[in-house]
Amino acid sequence: MVGARGLWRATGIKETDFCKPIVAIANSFTQFVPGHVHLKILGNW
C-alpha cells in the first residue's frame with residue numbers, strides 16, 4: 001500500500017483525501033445491443 005499511496009501523491013492527491021471514498025462510474029454502452037443504446041446519452045450527461 002505504501003507504493004500505491006506514493007503514486008496517488010504523485011498525481012496531486014492530498015493526505016486528507018485518502019480518507020474519502022473513491023467513486024468510479026462505468027458505462028456499458030454498446031451499439032450492438034439494442035437495450036444499451038440509451039446508455040450513450042446517460043454516459044455523456
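Go through the stretch 1-14 and give me each residue that's surrounded by 10 or more Cβ atoms within 10 Å (Cβ to Cβ) and in a loop (DSSP other than H, G, I, E, B). If the condition is that a residue be surrounded by 10 or more Cβ atoms within 10 Å (Cβ to Cβ) and in a loop (DSSP other than H, G, I, E, B), then 13 is the only one that fits. I'd like to verify a number: residues in the stretch 16-32 that are more than 30 Å from residue 5 (Cα to Cα) and touching a helix residue (DSSP H, G or I) at 6+ places or on another chain (Cβ under 9 Å), how many? Residues that pass the stated criteria total 3. Does residue 12 meet the test of being at positive phi and modelled with pLDDT of 85 or more? Criteria met by residue 12.
Restricting attention to the stretch 15-39 and to residues that are surrounded by 10 or more Cβ atoms within 10 Å (Cβ to Cβ) and in a loop (DSSP other than H, G, I, E, B), the residue that is nearest to the chain's Cα centre (by Cα) turns out to be 27.
The values are calculated or read from the model by the stated rules, or taken from the named source; none is laboratory data. Keep in mind that this is a model prediction, so the values were computed, not measured. Note: ideal-geometry Cβ built from the backbone for every residue, glycine included; neighbour counts use all protein chains shown.
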